[in-house]
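Written out below as structure tokens is the structure these notes cover.
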Amino acid sequence: MLIGKPRLEPALLITTFEGYGDLVYHTPTIRILSKIYPHLDVWCKRPEPFLHNPYIKKLSIFDKAWPDSTAPYGNRIFHVSVDSLATFPHCNMHTVDLVSIKALRCILRNEEKTLQTYWTSQDQAHVNRLLTQHQIQKKFVVISPSITWASRTLPLAFYQQIIQQIQKEGYQVILVGKEIFYSSGVDTDKTLYPAHLFPQTICLYNQLSFSELCCLYSLTPIAINTENGNHPI
């Protein structure tokens with residue numbers, strides 16, 4: 001994308017998306033917008049995937065259908081909404097393209113679509129403490145045995161079999177996942193297979209923040225995951 005001289009006035013990106021994975025798919029558009037408007041604010045309903053993002057000047061949370069006042073931004077407002085029945089239904093395209101089309105009216109080049117997540121030294125210290133606490137060595141596999149839409153859910157027997165085989169190969173297995181509840185009106189409830197069904201695994205369900213999970217994945221030699229919020233992370 002050709003970007004001219006940056007505009008000094010502030011701009012605002014508003015998103016009504018709430019799923020962790022969907023929000024990570026916003027990061028390429030945020031990066032491009034920040035090059036056009038160095039003062040880029042983001043208003044969202046779920047901030048975790050945007051924390052520590054250096055391309056965002058100010059991050060704010062709103063819990064209504066539409067924020068109260070956007071007057072200071074004039075027409076420099078970019079709105080990304082979830083709409084299954086509109087001209088660009090999200091089920092017909094990749095979420096990165098959906099976001100950039102709605103915010104920038106274009107599809108980004110492949111090299112511009114890199115996803116970005118961030119974590120702090122405190123996040124890394126916490127993850128290292130957990131690894132030490134559970135005596136986790138270099139040979140470990142991180143698995144998120146999630147239950148979501150039927151087409152994206154692997155059978156319990158599959159997870160049990162593959163975990164047993166991984167353990168036989170001398171690897172420790174770490175279970176990760178977080179139960180996130182939000183009212184999209186069309187999504188099904190998302191949950192996790194109970195950890196007790198996977199003997200001798202290390203369960204970190206609901207124990208990691210978003211940024212801590214990103215850090216753990218950066219240290220993970222092998223990860224097994226279906227198409228859920230953890231996948232883009």
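When restricted to residues that are within 13 Å of T16 (Cα to Cα), open to solvent by 10 Å² or more (accessible area, probe 1.4 Å) and touching a Lys or Arg at 6+ places or on another chain (Cβ under 8 Å), the range 26-50 contains 0. Remark: I162 matches the filter, which requires a residue to be in contact (Cβ under 8 Å) with a residue 24 or more places away in the chain, open to solvent by less than 80 Å² (accessible area, probe 1.4 Å), more than 29 Å from H26 (Cβ to Cβ) and more than 15 Å from the chain's Cα centre (by Cα). Within the range 1-25, the set of residues being surrounded by 17 or more Cβ atoms within 10 Å (Cβ to Cβ) and of a type in the set (D, E) comprises E18, D22. Within the range 192-221, restricting attention to residues that are assigned to a strand (DSSP E or B) and within 17 Å of F140 (Cβ to Cβ), the residue that is most open to solvent (accessible area, probe 1.4 Å) is C203.
Just one residue in the set V176, V186 is closer than 30 Å to S100 by Cβ, surrounded by fewer than 11 Cβ atoms within 10 Å (Cβ to Cβ) and either modelled with pLDDT of 95 or more or over 18 Å from the mean Cα position of the chain (by Cα) (or both); that residue is V186. The strands (runs of 3 or more DSSP E) located wholly in the range 51-152 that include 1 or more residues which are modelled with pLDDT of 90 or more and open to solvent by 50 Å² or more (accessible area, probe 1.4 Å) occupy 58-61, 77-80.
The values are calculated or read from the model by the stated rules, or taken from the named source; none is laboratory data. Since the structure is predicted, the reported quantities are computational estimates derived from the model, not experimental observations. Neighbour counts are summed over all protein chains in view; Cβ atoms, including those assigned to glycine, are modelled from backbone coordinates with ideal geometry. Just the protein is used for accessible areas: all its heavy atoms, side chains included, with ligands, DNA and RNA removed. Shrake-Rupley method; radii C 1.70, N 1.55, O 1.52, S 1.80 Å.
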